[in-house]
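Participant: First, the structure itself, so that you have it in front of you.
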Ligand SMILES: [Zn+2]
C-alpha cells in the first residue's frame with residue numbers, strides 16, 4: 001500500500017498540516033460498562049500543526065487496547081493463545097465450551113475485540129482445569145437442545 005507523504009490533511013480543520021509525532025498519550029476508554037483512563041508512552045500519533053488536533057492511527061490503537069487490558073485485568077490475546085496451545089485444544093472447541101460464537105472467540109485471540117471481565121474469568125477457569133470446566137460449567141450449553149425434563153439439573157426445584 002502506498003502511503004501519501006506528509007503533511008496529511010487534518011480531519012478536524014482540513015488544513016494540510018497533519019504530521020507524525022511520538023507522544024505520551026492518555027485516553028479514556030469504555031470497556032464492559034466501565035470507564036478506564038489509560039496512558040501509553042511514546043505512542044505514534046498524528047498531530048495537526050494548524051489546529052493541534054491529535055489523531056491516533058489504527059496501528060497505535062492496538063497499544064491502547066493492550067493498556068486497557070492491563071487496566072481491566074483481563075488476559076492479553078497472546079496469553080489466551082498460549083494457554084490454549086498448552087492444552088492442545090482448538091479455538092472452536094473452547095468457543096463451544098464457553099458458549100460463545102467461534103468468530104467472537106477468534107477476535108479475542110487476534111486482538112480485534114476485548115473479552116468482558118466475566119468471559120475472562122470463564123477463560124481462566126477453563127484454562128486452569130478444562131475437565132472440571134466441561135463437567136461443571138459447559139454441560140448446560142451441550143444440553144441446550146434437549147427438553148427441560150431431560151436436562152441435568154443443578155437444583156431440585
Ligand atoms: Zn487541524
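The values are calculated or read from the model by the stated rules, or taken from the named source; none is laboratory data. All of these numbers come straight from a predicted model, not from anything done at the bench. Glycine also receives a Cβ, built like all others from the backbone with ideal geometry; neighbour counts cover every protein chain displayed.
Participant: So residue 44 clears everything in (1) in contact with a helix residue (DSSP H, G or I) (Cβ under 6 Å, 6 or more places away or on another chain); (2) within 16 Å of the ligand (Cβ to nearest atom) except one condition, right? Which one?
Facilitator: Looking at each condition in turn, residue 44 falls short on (2).
Participant: Are any of the residues in the range 128-137 under 15 Å from the mean Cα position of the chain (by Cα), at pLDDT below 95, exposed (fewer than 15 other Cβ atoms within 10 Å of the Cβ) and in a helix (DSSP H, G or I)? Write out each step before concluding.
Facilitator: Taking the range 128-137 and keeping what is under 15 Å from the mean Cα position of the chain (by Cα), we get none.
Within the range 128-137 (the criterion being under 15 Å from the mean Cα position of the chain (by Cα), at pLDDT below 95, exposed (fewer than 15 other Cβ atoms within 10 Å of the Cβ) and in a helix (DSSP H, G or I)), the answer is no, since none of the residues qualifies.
Participant: Being within 16 Å of the ligand (Cβ to nearest atom) and either within 14 Å of the chain's Cα centre (by Cα) or not assigned by TED's automatic domain parsing to the domain that holds residue 130 (or both) narrows it down to one of 28, 23, so name that one.
Facilitator: From the options 28, 23, the qualifying one is 23.
Participant: Further, regarding this structure: Quick one: which residue in 56, 22 is surrounded by 11 or more Cβ atoms within 10 Å (Cβ to Cβ) and closer than 30 Å to residue 119 by Cα?
Facilitator: On the way: 22 fails: closer than 30 Å to residue 119 by Cα.
None of the other options fit; the residue is 56.
Participant: Within the set of pairs 6 or more residues apart or between chains, which connect a residue that is within 10 Å of residue 64 (Cα to Cα) inside the range 28-49 to a residue that is within 16 Å of the ligand (Cβ to nearest atom) with Cβ atoms less than 8 Å apart?
Facilitator: 43/23; 43/56
Participant: Quick check on residue 69: is it surrounded by fewer than 17 Cβ atoms within 10 Å (Cβ to Cβ) and over 30 Å from residue 7 (Cβ atoms)?
Facilitator: Working: surrounded by fewer than 17 Cβ atoms within 10 Å (Cβ to Cβ): no; over 30 Å from residue 7 (Cβ atoms): yes.
Criteria not met by residue 69.
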